[in-house]
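Visitor: Sharing a structure below in structure tokens format, with a few things to ask.
Read-outs: derived from the displayed coordinates by stated rules, not from any lab. Just so it is clear, the structure is predicted and the values come from calculations on it, not from any experiment. Here Cβ is always computed from backbone atoms with ideal geometry, including for glycine, and neighbour counts include all displayed protein chains.
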Amino acid sequence: MSISKDNITDKVIDEYQFSGEREQVLVHGLIRHLHAYAREVGLTHSEWRAGLTFLTKAAQFTDEGRNEFSLLSDVMGLSSLVDLLASPPRATPGSVLGPFHVHDSLEQPNGVDLKGEQPGTPTVFEGVVRSADGEPLEALLDFWQNADNALYPKMDATQDYHNLRCKLRTGPDGRFRFRTLLPKPYGIPDDGPVGDLVRAAQRHCMRPAHFHVIVSADGYRPVTTEVFFAGDPYIDSDAVFGVRDALVTQVENVPDPAQALDAGMPTPFSRVRFDFQLVALSAPQA
Ligand SMILES: [Fe+2]
């Protein structure tokens, strides 16, 4: 069979036969959509070469601590789409894991003071973890955020490795409480080809401030998500499309010295309340 522009897609797909059904679906779908893209936009030789140059440059910017392909997935909204596809109904929606999570955070007691004496807005972050049926859950929260200089410890040698992150278990009442700082908006790395792409599209590279949390409980589907704050200047234009309405909460300013004393906080302090909801492992996928 001679190859023509009309039969090349089917011919290529026929040549890729995998033993696994899922590999077959993934690769055949990828070929079909890549070919459809080239046809739809009328891809020229110079545009195809520019695309390859972009990917080559992305590879040059990728190493142990930086993944330009992951960043590309983020700014194209693909990471968020995968999160949304994996978020079951009635669970707290998922949102990007990001590059700053580490697996060896230390377990701390409920109520821990993570902020110490460092600069920033002292903030109590508290809430309840529940099942979709409203039952409080004994859960594990894996928590991380940036410091007042908008940097995570991975980016900032002046911070302790464990600064502003921990694992914390709720009690049987599902309640959790951290004493921490309000996180800051920050820019994604913009010195590589992804930064060039974002600027060329007249977008900015900023993310609204957020807490990162992975919430898990025995018998329930874990949720990797972020908590955002109403009024943030970037809440409607997150460079990586991580904001969902259900993840935005208010920051309450508490000027009352009696409440501060009761909370073990300086005056004034901020309070952020957010409840997480998990669905059982047996619940249907989205
Ligand atoms: Fe982050």
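Visitor: Contour minus end-to-end for VAL12 and LYS57, with contour as 0.36 nm per residue of separation and end-to-end as the Cα-Cα distance?
Guide: 13.5 nm
Visitor: Name the most mobile residue of LEU26, LEU72, LEU140, meaning the one with the largest mean-square fluctuation, in a Gaussian network model of the chain with Cα contacts below 10 Å.
Guide: Sorting by GNM fluctuation, first place goes to LEU26.
Visitor: The chain: percent of C-alpha pairs farther apart than 34 Å?
Guide: Cα-Cα pairs in the chain separated by more than 34 Å: 32 percent.
Visitor: Quick one: of LYS57/LYS184; LYS154/LYS184; LYS115/LYS184; LYS115/LYS167, which pairs are farther than 20 Å apart, Cα to Cα?
Guide: Over 20 Å Cα-Cα: LYS57/LYS184.
Visitor: Among THR121, THR180, which comes first, then next, by fewest other beta-carbon atoms within 10 Å?
Guide: Fewest-to-most ranking of THR121, THR180: THR121, THR180.
Visitor: Also, I was wondering about something else. Hey, fewest Cβ within 10 Å first, where do VAL112, VAL102, VAL124 land in order?
Guide: VAL102, VAL112, VAL124
Visitor: Using a Gaussian network model on the chain with a 10 Å cutoff between Cα atoms, which of ALA217, ALA258, ALA209 fluctuates the most?
Guide: For the chain, modelled as a Gaussian network with Cα springs under 10 Å, the answer is ALA258.
Visitor: How big is the range 1-43 by Rg and Dmax over its Cα atoms, in Å?
Guide: My reading of the Cα-based Rg and Dmax gives 11.3, 34 Å.
Visitor: Here is a follow-up. What area, in nm² and to one decimal, does the C-alpha convex hull of the range 1-111 cast on average over all directions?
Guide: If you wrap the Cα atoms of the range 1-111 in a convex hull and average its projections, you get 12.2 nm².
Visitor: Quick one: putting +1 on the C-beta of Lys and Arg, -1 on the C-beta of Asp and Glu, what dipole do you get for the chain around its Cα centre, in Debye to the nearest 20?
Guide: 280
Visitor: Among TRP48, LEU30, ILE8, which residue has its Cα positioned farthest towards the positive end of the charge dipole of the range 1-53, with +1 placed on the Cβ of Lys and Arg, -1 on the Cβ of Asp and Glu, and the dipole taken about the Cα centre?
Guide: My answer, from the dipole projection, is TRP48.
Visitor: Express in whole angstrom the spacing between the alpha-carbon centres of the range 115-135 and the range 196-252.
Guide: 16
Visitor: Considering the chain as a Gaussian network with a 10 Å cut-off on Cα pairs, which listed residue, ASP191, ASP238, ASP74, attains the greatest mean-square fluctuation?
Guide: Checking each option, the largest mean-square fluctuation is seen for ASP191.
Visitor: While we're here: Between LEU78 and ALA246, what length in nm is gained on full extension when 0.36 nm per residue of separation is reduced by their alpha carbon distance?
Guide: 58.5 nm
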